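K.L.:
First the structure, then my questions, so here it is.
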């Protein structure tokens with residue numbers, strides 16, 4: 001086993017946290033890119049599941065992947081416009097078709113996942129099981145409850161979501177590169193002794 005290079009170890013740098021407005025923006029951009037990467041990973045796994053014969057699928061897996069992708073995608077968009085993405089970011093993408101409409105549909109679909117429906121019949125239907133009409137005694141013989149299965153989007157829609165997430169990730173990463181320079185300039189203005197006295201970050205950047 002190779003030995004440790006003590007010179008390199010002694011010369012290793014120190015990374016401390018920055019509590020700056022510009023660093024807050026950069027951290028937000030990084031979290032957005034991470035969420036979009038998760039969306040792309042879910043879409044890749046989901047396409048593989050949809051390629052399998054329907055009788056060979058575990059029905060929970062496609063629904064779980066689609067739900068997770070929707071939640072992560074919608075999380076990238078901030079409610080106040082200060083942090084996270086906005087609809088304008090979608091409109092700026094060099095993509096063809098009704099991209100903004102598709103984006104709005106995705107957000108609406110996410111809302112149905114996380115909010116209890118105001119109309120119970122949208123999620124389940126209740127019916128009266130009647131005796132056969134040709135029988136003499138017409139009567140209600142029981143009650144039937146049918147749960148409405150959530151409509152899982154087809155492979156084309158999954159590819160569209162994956163492509164949209166990839167385009168937004170590139171768009172956000174480009175902004176993050178510029179923002180990283182801004183944070184670097186801001187950090188250089190801080191008191192160097194205070195920076196070296198700060199506790200190191202517990203994770204790798």
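K.L.:
Would you confirm, using the coordinates I've provided, whether residue 111 is surrounded by fewer than 16 Cβ atoms within 10 Å (Cβ to Cβ) and in a helix (DSSP H, G or I)? Break it down into steps so the answer makes sense when it comes.
P.N.:
On the way: surrounded by fewer than 16 Cβ atoms within 10 Å (Cβ to Cβ): yes; in a helix (DSSP H, G or I): yes.
It is true that residue 111 is surrounded by fewer than 16 Cβ atoms within 10 Å (Cβ to Cβ) and in a helix (DSSP H, G or I).
K.L.:
Among 78, 13, 3, which is the only one that is in contact with a strand residue (DSSP E or B) (Cβ under 8 Å, 6 or more places away or on another chain) and either at pLDDT below 95 or at negative phi (or both)?
P.N.:
78
K.L.:
Considering only residues that are touching a strand residue (DSSP E or B) at 6+ places or on another chain (Cβ under 9 Å) and not in a loop (DSSP other than H, G, I, E, B), which ones fall in segment 153-205?
P.N.:
Answer for segment 153-205, where residues must be touching a strand residue (DSSP E or B) at 6+ places or on another chain (Cβ under 9 Å) and not in a loop (DSSP other than H, G, I, E, B): 168, 171, 172, 195, 196, 197, 200.
K.L.:
Among (1) under 13 Å from residue 70 (Cβ atoms); (2) without any contact (Cβ under 8 Å) to a residue 24 or more places away in the chain, which single condition is residue 130 missing?
P.N.:
(1)
K.L.:
Further, regarding this structure: Is one or more of the residues making up segment 90-98 part of a helix (DSSP H, G or I) and under 30 Å from residue 177 (Cβ atoms)?
P.N.:
yes
K.L.:
Can you pull out every residue in segment 91-108 that is out of contact with any strand residue (DSSP E or B) (no Cβ under 9 Å at 6 or more places or on another chain) and surrounded by 11 or more Cβ atoms within 10 Å (Cβ to Cβ)?
P.N.:
If the condition is that a residue be out of contact with any strand residue (DSSP E or B) (no Cβ under 9 Å at 6 or more places or on another chain) and surrounded by 11 or more Cβ atoms within 10 Å (Cβ to Cβ), then 91, 92, 93, 95, 99, 100, 102, 104, 105, 106, 108 are the ones that fit.
K.L.:
A follow-up question, please. Considering only segment 52-82, state which residues are surrounded by 16 or more Cβ atoms within 10 Å (Cβ to Cβ) and not in a helix (DSSP H, G or I).
P.N.:
76, 77
K.L.:
Evaluate the following for residue 164: is it in contact with a helix residue (DSSP H, G or I) (Cβ under 6 Å, 6 or more places away or on another chain), surrounded by 15 or more Cβ atoms within 10 Å (Cβ to Cβ) and touching a residue at least 40 places away in the same chain (Cβ under 8 Å)?
P.N.:
When the stated conditions are applied, residue 164 does not pass them.
K.L.:
Something else now. Could you please give the count of residues in segment 15-37 that are surrounded by fewer than 17 Cβ atoms within 10 Å (Cβ to Cβ), without any contact (Cβ under 8 Å) to a residue 60 or more places away in the chain and closer than 17 Å to residue 171 by Cβ?
P.N.:
2
The values are calculated or read from the model by the stated rules, or taken from the named source; none is laboratory data. For clarity, every value in this text was computed on a predicted model and none was experimentally measured. Counting neighbours? That spans all protein chains shown, and the Cβs are built from the backbone with ideal geometry, glycine included.
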